[in-house]
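See structure below.
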Amino acid sequence: MSGNLVLRGGRVIDPANGIDRIADVVIADGKIAGFDIDAPRNAEVVDAAGAIVTPGLIDLHTHVYWGGTSLGVDPDDYALKSACTTLVDAGSAGPGNYHGFAKHVIEPAFSRVLAYLHVSFAGIYAFSSGVRVGESDNMRLMAAREAAIVARAHPDTVIGIKVRLGAHASGPSGIMPLDVALDVADETGLPLMVHIDEPPPSYGEVVSRLRKGDVLTHCFRPFPNAPMHGDGTVRAEVRAARERGVIFDIAHGQGSFSWKSARAMLAEGFRPDVISSDIHSLCINGPAHDNLRVMTKFMALGWSLPEVVEASSVAPARALRRDDLGHLGIGAVGDVSVFREAMGDIALDDVTGLVINYDRCLTSVGIARAGMWRAA
Ligand SMILES: [Zn+2]
């Protein structure tokens, strides 16, 4: 899958290369060929005047095993809604059902789908409004050997290992599933993404075990297990983890982003590394909606457009260890996102129901994957 494409006259924001100006982006044979140069003769031309053109946005935390898990949403519908070209599934599938995810969802998708493989055998298998069984609460489901085998069998799509911890996800097993997940990550040489919900285990205990390049997801969750103390100061273990190179990822979802935590952390100068949605079937109609909405929330917190683009492109590409994604340098993969900054009042709600009103919102125009264009 590759094409020739020109995105004409948009505001090009490419934080990795320090670019923010009006330009034509030219893609040839599925790769970035340059700005304001002659296009291949048969190139498709998209008028991007008045729109924003960025490296293909990466949503680092999604659930897109549609049909195979109750929380999955359709990847291509979601990619167009959110103007994301790369969707990283965060442990929907484990080694017991990853082959089906690869064959039935990842391979046919237009969007680029990568995955953290869950260390629990069947991934997140029972997450709905009526039935919720934590996939980490029974240690017999921890599948170290199988996870290592499946990760090695799918080197093009498995980019890391996932585990979920907390009263909801691991219950009586507490922090023990992290021992298994760390062992698999070590054995396979892959980074780990760790979910944290309510204690036990505590935020501090979990983040203290993560290594350089591992991702702590749901990093600005509300109390209990918020990243800061009640007086608003950042927990010492959180600062120590950043010093070590642990990556902090938003993953908004249904229960994991609060204005209170975000404001307290930003006031302390502690910014998340990555903005992501944790999109799934129970939060796609709010409060998360999609990653453009989560980016909009950070603009409401005072971030500039280039800053939210950076946290959704080159920053997640770094977490994925993919230097061909997340920027528009010559030779990079021809994945591009196009969206608009629409003016008009919008109510932005967090997971506690607190609403902040804002005067603009980012809305999708379309995406290109490897130079192939699809309009939203
Ligand atoms: Zn999730």
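The values are calculated or read from the model by the stated rules, or taken from the named source; none is laboratory data. From a predicted model like this one, the values you see are computed outputs, not experimental measurements. In this analysis, Cβ positions are derived from the backbone assuming ideal geometry, glycine residues included, and neighbour counts consider all displayed protein chains.
Annotations
- Filtered by the rule that a residue be away from the ligand (no atom under 15 Å from the Cβ) and among the hydroxyl-bearing types (Ser, Thr, Tyr), the stretch 83-99 gives Thr85, Thr86, Tyr98.
- Test: residue in the stretch 239-246 that is farther than 23 Å from Pro316 by Cα, in the same structural domain as Ser312 (by TED's automatic domain parsing) and out of contact with any Ser or Thr (no Cβ under 8 Å at 6 or more places or on another chain): no
- Which numbered condition Val238 misses (of (1) more than 21 Å from Val119 (Cβ to Cβ); (2) within 16 Å of the ligand (Cβ to nearest atom)): (2)
- Residues satisfying the stated conditions in the stretch 103-113, i.e. free of Cβ contacts under 8 Å to residues at least 60 places away in the same chain and surrounded by fewer than 19 Cβ atoms within 10 Å (Cβ to Cβ): Lys103, His104, Glu107, Pro108, Ala109
- Per-region count, the stretch 176-225, residues surrounded by fewer than 19 Cβ atoms within 10 Å (Cβ to Cβ), small (Gly, Ala, Ser) and over 17 Å from the mean Cα position of the chain (by Cα): 4
- Which numbered condition Arg8 misses (of (1) crowded, with 20+ Cβ neighbours inside 10 Å; (2) in contact (Cβ under 8 Å) with a residue 24 or more places away in the chain): (1)
- Contacts under 7 angstrom Cβ, first residue in the stretch 152-167 being modelled with pLDDT under 95, partner assigned to a helix (DSSP H, G or I) and away from the ligand (no atom under 13 Å from the Cβ), 6 or more apart: none
- Flag: Val351 matches the condition of being within 16 Å of the ligand (Cβ to nearest atom) and either hydrophobic (A, V, I, L, M, F, W, C) or assigned by TED's automatic domain parsing to the domain that holds Asp197 (or both).
Residue-by-condition table, conditions (1) assigned to a loop (DSSP other than H, G, I, E, B); (2) assigned by TED's automatic domain parsing to the domain that holds Glu146; (3) modelled with pLDDT of 95 or more; (4) out of contact with any helix residue (DSSP H, G or I) (no Cβ under 8 Å at 6 or more places or on another chain):
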position	(1), (2), (3), (4)
Leu178	no, yes, yes, no
Asp186	no, yes, yes, yes
Leu216	no, yes, yes, no
Pro224	yes, yes, yes, yes
Ser256	yes, yes, yes, yes
Gly269	yes, yes, yes, yes
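- In the stretch 53-79, the residues that are surrounded by 21 or more Cβ atoms within 10 Å (Cβ to Cβ) and more than 16 Å from the ligand (Cβ to nearest atom): Val53, Thr54, Pro55, Gly56, Leu57, Ala79
- Residue tally, condition farther than 23 Å from Phe127 by Cβ, of a type in the set (D, E, K, R) and within 16 Å of the ligand (Cβ to nearest atom), over the stretch 241-262: 0
- Taken over the stretch 100-147, the criterion of being within 16 Å of the ligand (Cβ to nearest atom) and of a type in the set (Phe, Trp, Tyr) is satisfied by Phe101, Tyr116, Tyr125, Phe127.
- Pairs where the first residue, in the stretch 77-101, is assigned by TED's automatic domain parsing to the domain that holds His61 and in contact (Cβ under 8 Å) with a residue 60 or more places away in the chain and the second is within 16 Å of the ligand (Cβ to nearest atom) and basic (Lys, Arg), C-beta under 8 Å, 6+ apart: Ala90/Lys162; Gly91/Lys162; Gly91/Arg164
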